[in-house]
Amino acid sequence: MISFPNTISGLTNSEQELYRKLLRRLLKKRRRNRLRSKYYNGRNELHDIGYSLPPIAKDIDIVVGWPAKAIEGLANRVRLDGLLPADGGELPSSVSDLMDESDLVQLAQSVHTDAFVHSCSFVAVLSGDTSKGEPEVIIQEFTADVATGEWDKRRNRLKSALLFDTDDECDEITGIYLMHYGQTITIDPVGAGWKVGHREPNDQQRIPCELFAYRPDSKRPFGRSRIDRTVMSLTDSAVRTFLRSEIQAELYSVPARYFLGVTEDMFTDDDGNLVPKWQIMLDQVLSLPSNPQTGQNPVVGQFQQASFEPHLAQLRQTATMFASATSLPPDAMGVLTDNPSSAEAIDKASKELCLLAESCHTWFGHPWRRIIERAQILAGNGDVKTVQPMWRNPSTPSKAAAADLALKLVQGNILPADSEVTYDMLDLTDQQRSILRGEARRAQARKYIDSLTNGGTDVSGQSESASGNSQSTRTRTQ
């Protein structure tokens, strides 16, 4: 369990007040964020309504992975493929190096997933310690359970942030960053306490930390989690349904019996101990003597076997409601139905998920652009290149369908064959794009050399002819 320090040595009064304000906000939201993490990891507790489940049911672990399905179903459609210069052309090597050092594509997938779980995530651009082998610029994610901030409504950006760096197990704090307009304060552990390590000036208009929020609006700029109250309630209902069916399954093959005209002494062993009830239920042959008091023979009957259908019907209904709440196809919940979803129903659910993914491209695209620009400034690049993220098509078309569409657009002279838009439609990797650009440059160079070898009949020849005509004109003028 992480213990957050309440007092930091070396902070001014205003900075200490800002630190405690942000810490209170973090602790207030931390409980709900950790609860959502439990649902995502399948570690949520059983919420018994206290009516139908026996006490022994609390010792049975039932895991329903629907919350993780809701997160991954959208996260798999919001995939960052790379970066592209805003003015076209090839990505500078300095930006490519930043991407490689930070493993930006993998980092982006983690940031998006955490934003779906907690409603938001934070990414900061920090100076690395080169003496310890770190790169000059570090792009690091901080999840919402160890980071928070204040939102500037007038500027639509973070005006302050408090970030706790933790170890791999998230059990111990290894560093703290306090950011506000104009300054980043690094706080280091000193003995049993914490002290300001160093102060680094930053932009007066924007702190070096960006907020990645899912479904933000004016009232909730830090977004909303996909694991909302509806998802948690439906998951709890599914867990109880599974648990009731598991308990019934234990006795499904054993019919319930009843006995008339018997006494308790008839169900004892040779030592006078009562025979366990489960053994009586599993006995295929029952030998019961007549009642010594009345002389009547015992009557043994059997109740009608209970059906599993009520559990299955409730589970199907819960799965349908969950799929509707998360814009997932009903068949994705793993519950079989007599009437499978039609192609139209699946297509409609996929379209809703694609629309959400396209909205995420807008919500996450601008923060990534500013992160890369800030990293270039911190790295000391004189010419800061404006870039834009390249996103994978959320509808995930097949390679054949994408190639067919691109071919038709090129043949219709709507797109050039060597355009970045065409490459994007074909879902080519950065390495494949670089190879194609290099081959295009070599082909252009060979064409130019051939034109010079053939006597300058192409562009060079036209230039020479134009130059000769100009000289003749000047001669006649003189």
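The values are calculated or read from the model by the stated rules, or taken from the named source; none is laboratory data. This one's a predicted model, so the numbers in the text were calculated from it and none came from an experiment. Cβ sites come from the backbone with ideal geometry, for glycine too, and all protein chains shown count toward neighbours.
Just one of 90, 45, 134 is without any contact (Cβ under 8 Å) to a residue 12 or more places away in the chain, more than 23 Å from residue 220 (Cα to Cα) and in contact with a helix residue (DSSP H, G or I) (Cβ under 9 Å, 6 or more places away or on another chain); which is it?
Result: 45 is the single residue among 90, 45, 134 that is without any contact (Cβ under 8 Å) to a residue 12 or more places away in the chain, more than 23 Å from residue 220 (Cα to Cα) and in contact with a helix residue (DSSP H, G or I) (Cβ under 9 Å, 6 or more places away or on another chain).
Do you know which residues across segment 97-121 are crowded, with 17+ Cβ neighbours inside 10 Å and β-branched (Val, Ile, Thr)?
111, 113, 117
Scan (1) at pLDDT 90 or above; (2) more than 30 Å from residue 384 (Cα to Cα); (3) touching a Pro at 6+ places or on another chain (Cβ under 9 Å); (4) not acidic (Asp, Glu) for the single condition residue 44 breaks and write down its number.
(1)
If only one of 226, 257, 206 is at pLDDT below 85 and of a type in the set (Lys, Arg), which one is it?
Step by step, each of 226, 257, 206 is checked, and only 257 is at pLDDT below 85 and of a type in the set (Lys, Arg).
Yes or no, residue by residue, for (1) of a type in the set (Gly, Ala, Ser); (2) at pLDDT 95 or above; (3) part of a helix (DSSP H, G or I):
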{"position": "96", "(1), (2), (3)": "yes, no, yes"}
{"position": "123", "(1), (2), (3)": "no, yes, no"}
{"position": "131", "(1), (2), (3)": "yes, no, yes"}
{"position": "135", "(1), (2), (3)": "no, no, no"}
{"position": "139", "(1), (2), (3)": "no, yes, no"}
{"position": "155", "(1), (2), (3)": "no, no, no"}
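Does residue 351 meet the test of being loosely packed, with under 14 Cβ neighbours inside 10 Å, modelled with pLDDT of 80 or more and farther than 30 Å from residue 204 by Cβ?
For residue 351, the condition - loosely packed, with under 14 Cβ neighbours inside 10 Å, modelled with pLDDT of 80 or more and farther than 30 Å from residue 204 by Cβ - is met.
In segment 101-116, what count of residues is obtained for those that are assigned to a helix (DSSP H, G or I) and over 8 Å from the mean Cα position of the chain (by Cα)?
Matching residues across segment 101-116 total 7.
Which one is farthest from residue 70 (Cα to Cα) among residues in segment 119-144 that are touching an Asp or Glu at 6+ places or on another chain (Cβ under 9 Å) and charged (D, E, K, R)?
Per the criteria, the residue is 136.
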